[in-house]
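Participant: Here's a structure for you.
The values are calculated or read from the model by the stated rules, or taken from the named source; none is laboratory data. Worth saying up front: this structure is predicted, and the values here are computed from it rather than measured. Here the Cβ is made from the backbone with ideal geometry for all residues, glycine too, and neighbour counts use every protein chain on show. These area figures cover heavy atoms from the full protein model, side chains too; ligands, DNA and RNA do not enter into them. Shrake-Rupley method; radii C 1.70, N 1.55, O 1.52, S 1.80 Å.
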Amino acid sequence: MLKIAVLVCVCVGLMHGYPGFLKEIPNGEAVPNPCTEDPEDKWNLVGHKFASRTEFMMARRQLSDKYVNVFGEMFFSNGQNWTAICDLDADNDGKTNGVELGDPECVWERGTIPAGPATGHPGICEIETQECLSKASDICPTTTTP
């Protein structure tokens, strides 16, 4: 019985991931999904290459061990410190992480309301250049390079 309880706890933890990290960045729970045109579709795993926990778990069984996107790498290598990465541009699309997540002045603090909404994804290059489209096609399966 104890084994079953432990297994259930582990599975629930895996399914919900680390929701606390979403509170460590402005608009963490409202980052638009650049792989769809639906404005209501959000990227729930901002620092990962997969938009949803389901996609993440499926890929984890089939792919290599690299699940974190460039924003996630930057976030973790800077001690999960938003202030340290706000004015940087993780995906090299010409917009800082702060601009994309609604904190262009880099003044947001945990628990406060950001200056504006998230307008892009800080880990996925969204401008339509050859370089960005080729990077996005690795993450967004329907994105094609010209």
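Participant: For K66, state whether it is at pLDDT 80 or above and of a type outside the set (S, T, Y). Give the steps one after another, and end with the answer.
Facilitator: Values: at pLDDT 80 or above: no; of a type outside the set (S, T, Y): yes.
Considered against the rule, which asks whether it is at pLDDT 80 or above and of a type outside the set (S, T, Y), K66 comes out as no.
Participant: Could you tell me whether the stretch 2-14 includes any residue that is open to solvent by 40 Å² or more (accessible area, probe 1.4 Å), part of a helix (DSSP H, G or I) and modelled with pLDDT of 70 or more?
Facilitator: No, the stretch 2-14 contains no residue that is open to solvent by 40 Å² or more (accessible area, probe 1.4 Å), part of a helix (DSSP H, G or I) and modelled with pLDDT of 70 or more.
Participant: Out of the residues in the stretch 21-57 meeting the condition of being in a loop (DSSP other than H, G, I, E, B) and basic (K, R), tell me which one is least open to solvent (accessible area, probe 1.4 Å).
Facilitator: Here the residue is K49.
Participant: Let me ask something additional. Applying the selection to the stretch 76-87, what residues are under 19 Å from E105 (Cβ atoms) and not polar (S, T, N, Q)?
Facilitator: Initially, the stretch 76-87 is screened for residues under 19 Å from E105 (Cβ atoms), giving 78, 81-87.
W82, A84, I85, C86, D87, listed by residue number.
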